[in-house]
Structures are given as C-alpha cells and as structure tokens.
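Data first, discussion second: the structure below is written as structure tokens.
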Amino acid sequence: MFSALSFAAIVLIIGVAVDAAYSSSMGARGDDGWVGETRRVLAEMTGPRERTGGEIGADQIISLGVPAYNHLLDRVSEESSYALTFFADGMPLIITGELSKVVPFGGVTLEFDDFRSSGYAKGMIAKASGFLPTRWLKWIVCLNRERKLTAEIASRGEYHRGRIRTNNLRISLHELVHAYEDKPFASLENKLRSEFYERRTSGKKLRRLRGITNLYFYGPKEKFKAGFVYRYIGKDRGVELMSMGIESLMWNRFDIWNRDPELTKFLLGMLIFFGRNTNSADSAVSSFKNPPYLRSDFSG
Ligand SMILES: [Zn+2]
C-alpha cells in the first residue's frame, strides 16, 4: 500500500531527477557561461580605468555585448523563422528575459498626465517599458517628474519634451529610447553613439530620406547616410541609432541579428553598460532634482 508519505517521497525523487537533468542540460549548453563572461568584461571596464577618466570606447561596448549576442543568436534566428509579428511581444520577452540575468529590466511605473493622454497609448507604452533597463526608466520618470509624460495616438511615432506619440508596441519602445536620451549629462552615451555612427558612415554623403524613398511622411530636411540595413537607422548625426537600433534588436527587424552583428553587439553592450546596477548610478538618479526644462538656461 502506498502511504501519503511514500507518494510524497516519490514525487520528491522525480522532482530532484528532473531538476538535475535540467541543470545539466543548461550546463552542457553553457547557458550561464555568458553571464559570467559579461560580468568579467564589465568588471574590466568599470575597474581603475573608468575611475581615471572614462576611457570607454565603442569597441569595449561591442566586446561587452559579445557574450549575450553569442548566447541569444541561435534562439533569435530560430524564432524569427516562424511567423514574426512586430506587434506581438514574444521576441522582446525572450531577449529581455535573458538579458535580465545581468541587468534589471522594467518594473517602473511611468507617470502620465491622464487628462491629456490616451488610455490606449498609455497601455502600449507601459507594456513597452518592460523592454528597457530599469535604470533607464528611472531616468525617464525623473526627467518628467514635473511636467509628466503625455501619450497620444498618431500615425507616425514621435517624442518631444515628454510627449510620446505612438500606435503600436514597437514604436512605443522606440519613443521611450528617445525619452531616455533626453537626459542631460548623457555625454558618454552620446560620445559612444557618435563614435559608432561616424565609424560606419565616414566618407558617405548626406542624402534626403524623402527624395530617396518617395515617402512623404519624411520631412524635407530629414537626411541619412548609408551604412546600415535600414536608411532611417543612419539618420543624420546618429540621432536614430539607439532608438531604431533597440527597436530592431528587440524584434529582429531587418534580421539585424544576422545582417548587422556589429551593431547588434554594440546595442546589447549599451543596454548592459548603461543599465547596470551601481550605487553611484542610483544616487545620480535619486539626487537629480532639476530637470532641464525647469532651468532658466534651457533652450532646447
Ligand atoms: Zn526616432
């Protein structure tokens, strides 16, 4: 006769066996190796070198993204071969689920001006916020503490001084990246973005997006340089490199993981480096009480 106790013991034994099989398959595939490798590269970057003047360059950011890239490439490629919808969240959930082993993602409530915002747009933006590092979201909240974010539905996405226009999840994430880039003192982020952009586009001519594409939603002054899988990624001065890049990374748009490994690694490195948890970063966010639009010298 089976007693309740022996049944419990059998369940326990099966549980242990399944657990052991699971962890050995994880080990065999080296799934956790990339986490250790990422931490090692990060420790090198944030060691004495950083303290003596921040000599971080685009190449170091790319190296930081390499372990995550190698770990995720097969999975992303495989999922992309199925019916891929840019408006579903399957792919970004896979990618951020893995990246959150090294950097916290989401978990921050964005505050909106409810009177002037669309509930539908707010919902999409809130969902998209799960695909950005927690530290970036804290900055967005901080920057918009006084004016509050507004969310609107529009045919073309836009970010301008706390106002986000969107019509889907992918664009919502794109505009949130612009909202993060609105942060002052982003000199290292901007330096790295420019370095990568200049390297890719050196010697290339500025060309008008509207003239080349015949798409009239582009303004007459919007220009790009060739050098990327999609023209808009190459918009003048690299202003769309991070926003278009992270959007493309999270949904594997243009098959960017296979067609532009260097940019993909750079973007992964940027998410990890500027999303990492450090005491000094957290205190910078919490002590920041003077958003640029409240300062008298703000003209942007
Ligand atoms: Zn943009």
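Quick look at the values:
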item	result
Filter result (closer than 18 Å to Trp251 by Cα and without any contact (Cβ under 8 Å) to a residue 12 or more places away in the chain) within the range 58-87	Asp74, Glu78, Ser81, Tyr82, Ala83, Thr85
Residues that are in a helix (DSSP H, G or I) and under 23 Å from Ile62 (Cα atoms), drawn from the range 201-213	Thr201
Of residues in the range 236-255 being surrounded by 21 or more Cβ atoms within 10 Å (Cβ to Cβ) and among the charged types (D, E, K, R), the one farthest from Tyr159 (Cα to Cα)	Glu247
All helices (runs of 4 or more DSSP H) inside the range 214-300 with 2 or more residues being more than 15 Å from the ligand (Cβ to nearest atom), more than 23 Å from Lys138 (Cβ to Cβ) and at pLDDT 90 or above	256-259, 261-275
Failed item in (1) surrounded by 15 or more Cβ atoms within 10 Å (Cβ to Cβ); (2) at pLDDT 90 or above, with Arg40 passing the rest	(1)
Candidates Glu98, Glu175, Glu146, filtered to the one that is of a type outside the set (Lys, Arg) and free of Cβ contacts under 8 Å to residues at least 60 places away in the same chain	Glu98
Single unsatisfied condition, Thr201 versus (1) under 17 Å from the mean Cα position of the chain (by Cα); (2) touching a residue at least 12 places away in the same chain (Cβ under 8 Å)	(1)
Matching residues, the range 170-186, being more than 15 Å from the ligand (Cβ to nearest atom) and either on the phi < 0 side of the Ramachandran plot or in contact with a Leu (Cβ under 6 Å, 6 or more places away or on another chain) (or both)	Lys183, Pro184, Ala186
Extreme residue, modelled with the highest pLDDT, among residues of the range 51-75 that are part of a helix (DSSP H, G or I) and exposed (fewer than 13 other Cβ atoms within 10 Å of the Cβ)	Asp74
Some residue of the range 164-181 being of a type in the set (D, E, K, R) and more than 27 Å from Ala88 (Cβ to Cβ)	no
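The values are calculated or read from the model by the stated rules, or taken from the named source; none is laboratory data. Keep in mind that this is a model prediction, so the values were computed, not measured. Note that each Cβ is placed from the backbone with ideal geometry, even for glycine, and that neighbours are counted across all protein chains shown.
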